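What follows is one structure encoded as structure tokens, with my remarks underneath.
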Amino acid sequence: MDEAALSVSDSLKTFGLLACLLIVGVLAVALRLPEQAALVVIFAAALSEAYIVGRRYMRLRSEEVLIYVLALLPLAVVIAFAFVIVPDIVQHK
Amino acid sequence: MTSTTVEVGITHLPEETASSFEIGKVGMWVFLAGETTVFGGLLCVFVLLGLHHGGWGAEGAHVNWRLAAINTLILFASSMTAALAQTAAHAKDWPGIRRFLALTVLLGCLFLAVKTFEYAGDFAEGFTPLTGLFWSFYYATTGLHVLHLSAGVVVLFALFLLATPKKSAEWLERKLKYACLYWYFVELVWIFVFALVYLTPCAA
């Protein structure tokens, strides 16, 4: 794993990038974009923020396979969980 | 490539293999995996019930997304200072470690103060956990996040108190790495809570 610490300028750049993405997501609501467009913008901004936090701060890019498994396994469980309870929700409609 | 060995029971492992397997880091990731399932499940049910109800638009119009946006910015700033504390620990800069850890703790406390103000406003308007399904999920999700963030503040404050030259720099750097990993995870969870609980209902 690359343990090299983030420099001050790198940290500031990461913060700036996250702040810009936050503004983009917030503008989608503040400017009252059409619902579908607003949802696309909000989730694109949120996923980009998550990617930046994972890559720059949590340093997932340089982790070993075990850590990837530990990070992705619960997401797979949650997705499976969602599919399992969808029939209940459809039936109740 | 080192050729020295470390004795583990009766087996001899190459030193590099032994040192690259950080049991603390793996333990932290196992813990975070469990937390991901908890928050993932909660947010998943929130979204599916929202779809079942035809969206949370009516209820969601009352959430204070402006305060939540300010809190998001505060969390982003706190992650930056946490990363800078790690940088300072790497450089064995003790005053730097303490300064950036103090800033991270203060920003965490600021987040909690804003959140308290937000909850007070919601209660004043009559929106309690008993008001309806949306508000139950709203308080459950954000309340659970607040609990996690409070735990992070306590851990970082403990490290702030322990960050003295009496401690080994390597020890502190390692502990700081695990604590910051947790802090970044709490930030990651908030990114999705903010998008799903605050912004999405307002966009509907």
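The values are calculated or read from the model by the stated rules, or taken from the named source; none is laboratory data. This structure is a prediction, so every number in the text was calculated from the model and none was measured. Counting neighbours? That spans all protein chains shown, and the Cβs are built from the backbone with ideal geometry, glycine included.
Mind checking which residues of the range B:89-126 are among the aliphatic types (A, V, I, L, M) and in contact (Cβ under 8 Å) with a residue 60 or more places away in the chain?
Narrowing the range B:89-126 to residues among the aliphatic types (A, V, I, L, M): B:89, B:91, B:97, B:101-103, B:105-107, B:110, B:112-114, B:120, B:124.
Scanning the range B:89-126 gives B:ALA89, B:ILE97, B:LEU101.
Quick check on B:THR104: is it surrounded by 15 or more Cβ atoms within 10 Å (Cβ to Cβ), under 21 Å from B:ILE70 (Cβ atoms) and polar (S, T, N, Q)?
Values: surrounded by 15 or more Cβ atoms within 10 Å (Cβ to Cβ): yes; under 21 Å from B:ILE70 (Cβ atoms): yes; polar (S, T, N, Q): yes.
So B:THR104 fits the description; yes.
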Fill in: Those helices (runs of 4 or more DSSP H) lying entirely in the range B:114-204 with at least 2 residues among the small types (Gly, Ala, Ser)
B:133-162, B:169-193
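Filter the range A:56-66 down to the residues that are within 7 Å of chain B (Cβ to nearest Cβ) and part of a helix (DSSP H, G or I), then identify the one that is surrounded by the most Cβ atoms within 10 Å (Cβ to Cβ). Quick ask: steps written out before the conclusion?
First pass over the range A:56-66, keeping only residues within 7 Å of chain B (Cβ to nearest Cβ): A:57-58, A:66.
Cutting the leftovers down to part of a helix (DSSP H, G or I) gives us A:57, A:66.
Working: A:TYR57: 24, A:LEU66: 13.
If we take residues in the range A:56-66 being within 7 Å of chain B (Cβ to nearest Cβ) and part of a helix (DSSP H, G or I), then A:TYR57 is surrounded by the most Cβ atoms within 10 Å (Cβ to Cβ).
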Worksheet item: Name the pairs: first residue in the range A:67-87 and more than 8 Å from every other protein chain (Cβ to nearest Cβ), second residue at pLDDT below 85, Cβ to Cβ under 7 Å, at least 6 apart or on different chains?
Response: none
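Please state which one of A:VAL8, A:VAL26, A:VAL41 is in contact with a Gly (Cβ under 8 Å, 6 or more places away or on another chain), of a type in the set (A, V, I, L, M) and over 21 Å from B:ALA33 (Cβ atoms). Lay out the reasoning, then the answer.
Values: A:VAL8 fails: in contact with a Gly (Cβ under 8 Å, 6 or more places away or on another chain); A:VAL26 fails: in contact with a Gly (Cβ under 8 Å, 6 or more places away or on another chain).
Every option except A:VAL41 fails the conditions.
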Item to complete: Could you look through the range B:180-204, keep only residues that are farther than 16 Å from B:PHE76 by Cα and either within 10 Å of chain A (Cβ to nearest Cβ) or modelled with pLDDT of 95 or more (or both), and pick out the one that is surrounded by the fewest Cβ atoms within 10 Å (Cβ to Cβ)?
Response: B:ALA204
Worksheet, complete the sentence: Among B:VAL105, B:VAL63, B:VAL146, the single one that is farther than 25 Å from A:SER48 by Cα and of a type in the set (Val, Ile, Thr) is B:VAL105
Worksheet item: Listed residues B:PHE127, B:PHE137, B:PHE76, B:PHE111; which is within 12 Å of chain A (Cβ to nearest Cβ), touching a helix residue (DSSP H, G or I) at 6+ places or on another chain (Cβ under 6 Å), crowded, with 17+ Cβ neighbours inside 10 Å and aromatic (Phe, Trp, Tyr)?
Response: B:PHE76
Practice prompt. Tally the residues that are more than 7 Å from chain A (Cβ to nearest Cβ) and among the polar types (S, T, N, Q), restricting the search to the range B:21-73.
Written response: 2
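Every residue, every condition in (1) in a helix (DSSP H, G or I); (2) under 18 Å from the mean Cα position of the chain (by Cα), yes or no:
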| site | (1), (2) |
| --- | --- |
| A:LEU12 | yes, no |
| A:CYS20 | yes, yes |
| A:LEU33 | no, no |
| A:ALA44 | yes, yes |
| A:ALA71 | yes, yes |
| A:VAL78 | yes, yes |
| A:VAL86 | yes, no |
Worksheet, complete the sentence: In the set A:VAL41, A:VAL24, A:VAL29, the lone residue that is in contact with a Cys (Cβ under 8 Å, 6 or more places away or on another chain), surrounded by 14 or more Cβ atoms within 10 Å (Cβ to Cβ) and free of Cβ contacts under 8 Å to residues at least 40 places away in the same chain is A:VAL29
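Hey, could you check the range B:1-59 for residues that are at pLDDT below 75 and in a helix (DSSP H, G or I) and say which is nearest to the chain's Cα centre (by Cα)?
Restricting attention to the range B:1-59, the residues satisfying the condition of being at pLDDT below 75 are B:1-21.
Those still in the list that are in a helix (DSSP H, G or I) too: B:15-20.
Working: B:GLU15: 33, B:GLU16: 31, B:THR17: 30, B:ALA18: 29, B:SER19: 27, B:SER20: 25 Å.
The qualifying residue nearest to the chain's Cα centre (by Cα) is B:SER20.
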Worksheet item: What residue, among those in the range B:145-159 that are under 11 Å from the mean Cα position of the chain (by Cα) and within 23 Å of B:THR37 (Cβ to Cβ), is surrounded by the fewest Cβ atoms within 10 Å (Cβ to Cβ)?
Response: B:LEU147
